[in-house]
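One structure is given here, and the rest of the page talks about it.
The values are calculated or read from the model by the stated rules, or taken from the named source; none is laboratory data. Quick caveat: nothing in here was measured; it's all calculated off a predicted structure. Virtual Cβ from ideal backbone geometry, glycine too; neighbours counted across all protein chains shown. Note: areas computed on protein heavy atoms with side chains; ligands, DNA, RNA excluded. Shrake-Rupley method; radii C 1.70, N 1.55, O 1.52, S 1.80 Å.
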Amino acid sequence: MRYGYIGLGNLGGHLAASLIRAGHEVTVYDRDPANAERHRQMGARVAASVTDLAGAVDHVFTCLPHPAASEAVLAELMTVLPEGASWIENSTLGRDDVQRLAGLARVGGVRMLEAPVTGGVHLAARGEITVLVGGDQDLYDMHRPALEAIGNRIFHMGPLGSAAVIKVI
């Protein structure tokens, strides 16, 4: 599977790097091209835009600062991602945002898996962060190897929105 990773800040940059180290084919994008340079040196392709990335991958991870950013990126992704693609959201979102965004994705034929992380940037850098996953079992099973690349404790919490609730607790 070809993965994309959008949002290469303090946390997302480490998560994307873990995917690359684990041998996944990864294309990355960040609004600040400098954030993608270490990923390029690790072997990732660097996309020029969200839509460029979406046209080169099968599934996309995102780690973005707020729900509005996630929604904006999703809107761009859906103009290019093929039907049946997956969107794996590492951002911390509320349950209502997760469900609303999943509905928008579904309209475009994209399935969502929420996968917020907890444990801190230092654990993300080592690929040892905890990943709380919400979404359909078959989607979880499909992406489990990628999830295990970014964290060493993976918990499938149940349907979409479950991980958001547990993360807040």
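Between ARG38 and ASP96, the FRET efficiency estimated from the beta carbon spacing at R0 = 30 angstrom works out to 0.30.
Assign unit charges at the C-beta atoms only (+1 for Lys and Arg, -1 for Asp and Glu), then state the dipole size of the chain relative to its Cα centre in Debye, rounded to the nearest 20. Working shown, then result.
On the way: 14 positive and 18 negative charges, 69 e Å.
Roughly 340 debye for the chain.
What does the extension gain come out to for THR79 and LEU104, with contour length at 0.36 nm per residue minus their alpha carbon separation?
7.8 nm
Computed per residue of the chain from DSSP H runs no shorter than four, each worth -39500 (n - 2.57), the mean residue ellipticity at 222 nm is -12000 deg cm²/dmol.
Could you state the accessible area per residue of the chain in Å², with a 1.4 Å probe and every protein chain left in place?
Values: 7320 Å² over 169 residues.
I get 43 Å² per residue for the chain.
Connecting C-alpha atoms closer than 10 Å in a GNM of the chain, tell me which of ARG153, ARG38, ARG111 has the biggest fluctuation. Result: ARG38 has the largest fluctuation of those listed. Net length available on complete extension from ASP136 to VAL121 is 2.7 nm, with 0.36 nm assigned per residue and the Cα-Cα distance removed.
With a 1.4 Å probe and all protein chains left in place, how much of the accessible area of segment 1-109 comes from carbon and sulfur atoms, in whole percent? Kindly include the intermediate steps, with their values, before the conclusion.
Numbers: 2370 of 4800 Å².
Exposed carbon and sulfur together represent 49 percent of the surface.
Subtracting the Cα-Cα distance of HIS66 and ASN10 from 0.36 nm times their residue separation leaves 18.7 nm of extension gain.
Considering only alpha-carbon pairs that sit under 8 angstrom and 6 or more positions apart, the relative contact order computed for segment 65-114 is 48 percent. For the pair GLU128 and ARG31, what calculated FRET efficiency results from E = 1/(1 + (r/R0)^6), where r is the Cβ-Cβ distance and R0 = 25 Å, to the nearest 0.05? The calculated FRET efficiency here is 0.35.
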